[in-house]
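To start, the structure under review is shown below, and the notes come after it.
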Amino acid sequence: MALSTSSLKSSSRPVAIWVYTGVFMLLIQVVLGGITRLTGSGLSITQWDVLTGALPPLNDAQWQKAFEGYKQTPQFHILNSDFNISQYKFIFFWEWFHRFWARMVGVVFLAGFVWLLWKKKLEPSMIRPLIILFLLGALQGAIGWIMVASGLTGDAIYVQPTKLALHFVFALGLIVYAFWFALQLSVQDTARFRRHAAPGQIFRLRGLTIAILVLLFFQLLYGALMAGLKAAPAASTWPTINGNWIPYGLFSHRPLMEELVGNPLTVHFIHRNLAYLLFLLVLVWTFLAIRLASKPAAFRRVMGLPLLVVCLQVILGITSLLTSPGIVPNHWVAFDWFAQLHQITGLLFLLTMVGMLYLVIPGDTL
């Protein structure tokens, strides 16, 4: 996605505000997805009605019909057979609100696109990224329904962990794409490094930034698998894993792919050790950033953010583990608060590193 940034910054402020609004709304959408998962609400709506589903049931008959649909699911029969209509309304609300917010994201995108096009605020170079953004959003909606459908048949009481992870990863891709586009529209080239400013140092810092982002992708992927497999309570001790540095039961499944994405202990082990590795790499990144002889003032002001955010992320991750034995089904407890904050901080860490990458790419190369 390449734009002519030399002429955009002064003319694209309304577009940038619109795209940043979309990024914020997408972040809220992921947070709502986390709440939906933690409250066990994701399978409460058994139909995907794009238009008519925008409104919740409006009378007792509609509520009873929706409840009867939920009663046909394996989750109801196996886990929630004692649910009454009031309890059902609670889980229905979070899944409905998650879907409703997704619709609002689409409305804001389309309405903003039409308005900006009418006002002639959109330059030709902006159209293609915006079309791609729209298509990615539509794809994300389709993946969301595929994920929900995976928990409505057989003996499943939750959605399949791999489909949950896929849904989460595509959401991250959509957010990162929109955020990068917004940075192109709003960040002045003077805030970024120049092509010939300490090229060796910048090359190393840029390479390390890319390496951190690659590892962070897998870390977030395994975070989603942790959530889908309910893997936190499988090893709720720290710093060891159930008293061992290398836990028993590790790599006990076959084939290998099933082991890597289906064994809670293996997923837990990988997620935990990727966190340590990311923390060490961010320490090195911060050291290299401080040692840069010449750096733009904007970079100097924000270069401490990655270390700050990753420290908070590690603390929240450990606290989530230690509180996971207190999980109570269908009740919001301390673990849920810490797990949700852990997810939010992970999103902020991702955007922080994407922003750092944008700043360390020379401004005269895009």
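The values are calculated or read from the model by the stated rules, or taken from the named source; none is laboratory data. Quantities reported herein were computed from a predicted structural model and do not represent experimental measurements. We place every Cβ from the backbone using ideal geometry, glycine too, and count neighbours over all the protein chains shown.
Among the residues making up the range 98-123, those that are in contact (Cβ under 8 Å) with a residue 40 or more places away in the chain and either surrounded by fewer than 16 Cβ atoms within 10 Å (Cβ to Cβ) or within 22 Å of the chain's Cα centre (by Cα) (or both) are HIS98, ARG99, PHE100, TRP101, ALA102, ARG103, MET104, VAL105, VAL108, PHE109, LYS119, GLU123. Screening GLU95 on (1) of a type in the set (D, E, K, R); (2) surrounded by fewer than 14 Cβ atoms within 10 Å (Cβ to Cβ); (3) under 29 Å from HIS331 (Cβ atoms) shows it passes everything except condition (2).
For every residue, the table says whether it meets (1) at pLDDT 95 or above; (2) surrounded by fewer than 15 Cβ atoms within 10 Å (Cβ to Cβ); (3) within 23 Å of the chain's Cα centre (by Cα).
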position	(1), (2), (3)
THR266	no, no, yes
LEU312	yes, no, yes
VAL328	no, yes, no
GLY363	no, no, no
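Can you confirm whether the range 236-251 contains a residue that is surrounded by fewer than 19 Cβ atoms within 10 Å (Cβ to Cβ) and under 30 Å from VAL360 (Cα atoms)? So far as the range 236-251 goes, no, none of its residues is surrounded by fewer than 19 Cβ atoms within 10 Å (Cβ to Cβ) and under 30 Å from VAL360 (Cα atoms). With respect to being closer than 22 Å to SER150 by Cα and modelled with pLDDT under 85, THR36 falls outside the description. Condition check for LYS295 on (1) in contact with a helix residue (DSSP H, G or I) (Cβ under 8 Å, 6 or more places away or on another chain); (2) part of a helix (DSSP H, G or I); (3) of a type outside the set (Ser, Thr, Tyr); (4) more than 30 Å from PRO161 (Cβ to Cβ): one failure, at (2). Being over 19 Å from ASN273 (Cβ atoms), surrounded by fewer than 15 Cβ atoms within 10 Å (Cβ to Cβ), modelled with pLDDT under 85 and among the small types (Gly, Ala, Ser) is a description that applies to GLY200.
If you check ALA171 against the conditions, is it closer than 30 Å to LEU79 by Cβ, of a type outside the set (Lys, Arg) and touching a helix residue (DSSP H, G or I) at 6+ places or on another chain (Cβ under 7 Å)?
yes
Screening LEU221 on (1) closer than 24 Å to GLN343 by Cβ; (2) part of a loop (DSSP other than H, G, I, E, B) shows it passes everything except condition (2).
Report whether or not LEU172 is over 22 Å from the mean Cα position of the chain (by Cα) and surrounded by 18 or more Cβ atoms within 10 Å (Cβ to Cβ).
No, not satisfied.
Please find, among ARG206, ARG192, the residue that is charged (D, E, K, R), in contact with a helix residue (DSSP H, G or I) (Cβ under 6 Å, 6 or more places away or on another chain) and surrounded by fewer than 22 Cβ atoms within 10 Å (Cβ to Cβ). First the steps, then the outcome.
Details: ARG192 fails: surrounded by fewer than 22 Cβ atoms within 10 Å (Cβ to Cβ).
Sole residue among the options that is charged (D, E, K, R), in contact with a helix residue (DSSP H, G or I) (Cβ under 6 Å, 6 or more places away or on another chain) and surrounded by fewer than 22 Cβ atoms within 10 Å (Cβ to Cβ): ARG206.
Just one of the listed residues (LEU274, LEU288) is more than 30 Å from ALA191 (Cα to Cα), touching a residue at least 40 places away in the same chain (Cβ under 8 Å), in a helix (DSSP H, G or I) and assigned by TED's automatic domain parsing to the domain that holds LEU213, namely LEU274. Here THR209, THR237 are screened, and the one residue that is outside any helix (DSSP H, G or I) and in the same structural domain as VAL310 (by TED's automatic domain parsing) is THR237.
Within the range 124-147, restricting attention to residues that are surrounded by 15 or more Cβ atoms within 10 Å (Cβ to Cβ) and under 17 Å from the mean Cα position of the chain (by Cα), the residue that is nearest to TYR70 (Cα to Cα) is MET147. The residues of the range 52-92 that are surrounded by 17 or more Cβ atoms within 10 Å (Cβ to Cβ) and either among the small types (Gly, Ala, Ser) or part of a loop (DSSP other than H, G, I, E, B) (or both), listed by number, are ALA66, THR73, ASN80, PHE83. Look through PHE349, PHE338 and report the one residue that is in contact (Cβ under 8 Å) with a residue 12 or more places away in the chain and within 24 Å of TRP94 (Cα to Cα). From the options PHE349, PHE338, the qualifying one is PHE338.
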